[in-house]
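What follows is a single structure, written as C-alpha cells, with notes after it.
The values are calculated or read from the model by the stated rules, or taken from the named source; none is laboratory data. Keep in mind it's a predicted model, so treat the numbers as computed, not measured. For neighbour counting, all protein chains shown are included, and Cβ atoms are generated from backbone atoms with ideal geometry for every residue, glycine included.
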Amino acid sequence: MIITRHISLDNDCIEKMEPYVEKHKGNFSAAIREIIDRAGNYNSLKNLSAIDNSMFKWMLNEIDGMLVPDTVLDDLIDPMLIHSIGKLEEHLKRRFSELEWDIDLTLKCDNDSSPSDIFIEITGSPQKTKFVARILSQYLLKNSPEQIPLEIRSVYNLEGCIKIELSRSNEKDSRDSLIKYFGGMDEVTKAVKSRPAFWKALINGHMLSNYNMVTLHRNYFEDLLAGKVPMGEITIETMAKKPIQEIPLTEMLTLIKEVYETSRVADRVEIDRETVILFHNYRNKDVIEKLKKSLVTLLEANGHLYDAKSTANMIVLTHRPDVGIKINEIVGNLKISNSRVDQDLIMFMAFLKGLKNIPDIPISLTALGRRIGKSLLQEYEKENGIKSWELENFQKALEIIDSKLHRESEWKLEGKNLLYTVRKCNIVAEGNTFDTYVCHTIRETFKGAVSYAFGNRAEMDIKKLLSHGDNFCEVVLRIP
C-alpha cells in the first residue's frame, strides 16, 4: 500500500538528500526510501553501545586484522558521503558521539570533493581507534574514484592516537596498502573458513607432532621422490609474485628464511647480511647434502653464487660475489662463432686455485658449467631463430657446443629418446684431479643446456661416465 503525504524540508535537508536523488536519477521517492532503510540500519548499530563492555572489547580484538565486508561497510558509512570530506567528518563525529565511543576524529585534505591527499587523526581508547581507523581507511579506498584511487602511505599508531596519510596512487598499490596496514589476517581467515576441516587437521597434526611435520609444495615433494635435488623456486616465486631471477638478494634471503621455517624443512634460519645459517636436526648425511645443494642451486638460479659447508646440525652459506663476477665475465665473452670454451675453463680453474676459503670448488664449477650451457644455447637460439626446442634442433646446437669443448660425440635419435655418447674429450685427462674438475664442469654444461631447452620436461639417464673408469660417456635424454 502506498500512502501519499505532503512534507516540508528546509534547504539544509534538501542539500543532504541531493546525492541520493542523483543516484536514483531524480526519483525523490526512491531517495527517501533508501534514506529510511539506512536509518533503520543505523538504529540497529546503536545497539552496540548496549553490549557489555568486556564483550565489546573481546569482539574488537577478535576482528583485529580483518576487513569489514563491503555490504556491512556500506551500512556503517554512507557511500554518498565520499563526495565531501567535510560532511564525512561531521557525520562520523555525530555518530561516534551518539554511540558514546569517546572518539575524536579529524580529517584534513587538499580538496573537499576530490582530494589527492588526506590526513586522518583519531584519538580515543586504543581498541576503538584502531577499529575506526580500519573501517575509515577501507571506506576511503573502496569509494575513491577508479581513475585515481587512494593509497595508504603511512600509519602512525601511538597509545590512544592513530595518524594516517593517504594519497593518490593506482589500484594495485591501493589494495595492497589496505592489506598491509589493516588486513593482515583477512586472507588467512577467509582461507580457514573456506576449508575448515582441512586446516583443522593440518593444525592438529603440527601441534600433536610438536611442529615436526614438514609442509612441502607438491613439485618439491615429487622431485624428492624422483631422487632429484629440488630447488623450491615455485614457492619462492609465488610469494614474491615475480620470477626468481628478478628477486633482489635481500628479499630472496628473507623469503628463504620464511619458506624454510614455516614449512619446517629447517628448525631456524638466520640471516647475517648476505650469509645464511640454517639450523636443522637431520641425521642422515645424504639428506644434509641434498638440502645444502638445494639451497645453493636456489641461490644460483637467483643469480648469486654461494659456497656451502655443513656441520652436525647446521649449514652455512657464504656469498662469493668474486667468483660470480668471474663467471659472468667468462659467460659474457662467449659467442658461438669465435669462443674457445676450453681456454676459458682453464683460465677459470687457475682463478679458483688462487682463491682461499672455498670449501667446495665443484659448486663453483657447477655454476659455471650450467651458465655456459645456457649461454651457448641462447646464442644459438638467437642466431638461428629457434622458437621452441625439440630433440632434433637441440642435437644440432650441442654439436656446435661440443666443438667448442674439443669433444668428439655421437648422437642417435630413437623416438622420444636421444642417446648421446662422448667418445673423446681432449681437455680431460683421466686420473688428474684438476682435469676431473674440468670434466665435471663440462658435464654441467650439458645439463645447463638441457635445463634451458626443456626445463622440467627432460629426463636424463646417465649410463656411463668417463671419470668413473669407462673410456666414454653415455647419456639417454628423454622428453615425454
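Quick notes on this structure:
- Qualifying positions in segment 110-136 - free of Cβ contacts under 8 Å to residues at least 60 places away in the same chain and either among the aliphatic types (A, V, I, L, M) or on the phi > 0 side of the Ramachandran plot (or both): Ile118, Ile120, Ile122, Gly124, Val132, Ala133, Leu136
- All positions within segment 101-139 that are in contact with a Pro (Cβ under 9 Å, 6 or more places away or on another chain), of a type in the set (S, T, N, Q) and closer than 23 Å to Asn61 by Cα: none
- Some residue of segment 231-239 being without any contact (Cβ under 8 Å) to a residue 40 or more places away in the chain and of a type in the set (A, V, I, L, M, F, W, C): yes
- Residue within segment 112-128 that is part of a helix (DSSP H, G or I) and touching a strand residue (DSSP E or B) at 6+ places or on another chain (Cβ under 9 Å) present: yes
- In segment 64-104, the residues that are over 18 Å from Lys142 (Cβ atoms) and either in contact with a helix residue (DSSP H, G or I) (Cβ under 7 Å, 6 or more places away or on another chain) or assigned to a loop (DSSP other than H, G, I, E, B) (or both): Asp64, Glu98, Leu99, Glu100, Trp101, Asp102, Ile103
- Sole exception among (1) touching a residue at least 12 places away in the same chain (Cβ under 8 Å); (2) in contact with a strand residue (DSSP E or B) (Cβ under 6 Å, 6 or more places away or on another chain) for Glu261, by number: (1)
- Scanning segment 140-173 for residues that are touching a Leu at 6+ places or on another chain (Cβ under 6 Å) and at pLDDT 90 or above, we see that the one that is farthest from Leu60 (Cα to Cα) is Leu150.
- The single residue among Ile247, Ile236 that is over 30 Å from Asp461 (Cβ atoms), out of contact with any Ser or Thr (no Cβ under 7 Å at 6 or more places or on another chain), β-branched (Val, Ile, Thr) and surrounded by 15 or more Cβ atoms within 10 Å (Cβ to Cβ) turns out to be Ile247.
- Test for Ile148: is it in the same structural domain as Asp112 (by TED's automatic domain parsing), under 15 Å from Pro115 (Cα atoms) and in contact with a strand residue (DSSP E or B) (Cβ under 9 Å, 6 or more places away or on another chain): yes
- A Cβ distance below 7 Å, combined with a sequence gap of six or more or placement on separate chains, defines the contacts here; from segment 94-109, residues that are more than 17 Å from Glu159 (Cα to Cα) and free of Cβ contacts under 8 Å to residues at least 60 places away in the same chain reach residues that are surrounded by 17 or more Cβ atoms within 10 Å (Cβ to Cβ) and charged (D, E, K, R) in the pairs Leu107/Glu89.
Here's the yes/no breakdown for (1) at pLDDT 90 or above; (2) closer than 20 Å to Cys161 by Cα:
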| site | (1), (2) |
| --- | --- |
| Glu98 | no, no |
| Ile103 | no, yes |
| Ser114 | no, no |
| Ile122 | yes, yes |
| Val132 | yes, yes |
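- Selection within segment 169-223 - among the aliphatic types (A, V, I, L, M) and within 30 Å of Lys142 (Cα to Cα): Leu178, Ile179, Met185, Val188, Ala191, Val192
- Filtered residue count, segment 146-204, keeping only those that are touching a residue at least 24 places away in the same chain (Cβ under 8 Å) and in a loop (DSSP other than H, G, I, E, B): 8
- Enumeration of residues in segment 244-300 that are more than 17 Å from Lys228 (Cβ to Cβ), aliphatic (A, V, I, L, M) and assigned to a loop (DSSP other than H, G, I, E, B): Ile247, Ala266
- Of the set (1) surrounded by fewer than 16 Cβ atoms within 10 Å (Cβ to Cβ); (2) touching a Pro at 6+ places or on another chain (Cβ under 7 Å); (3) more than 30 Å from Val68 (Cβ to Cβ), all apply to Tyr220 but (1).
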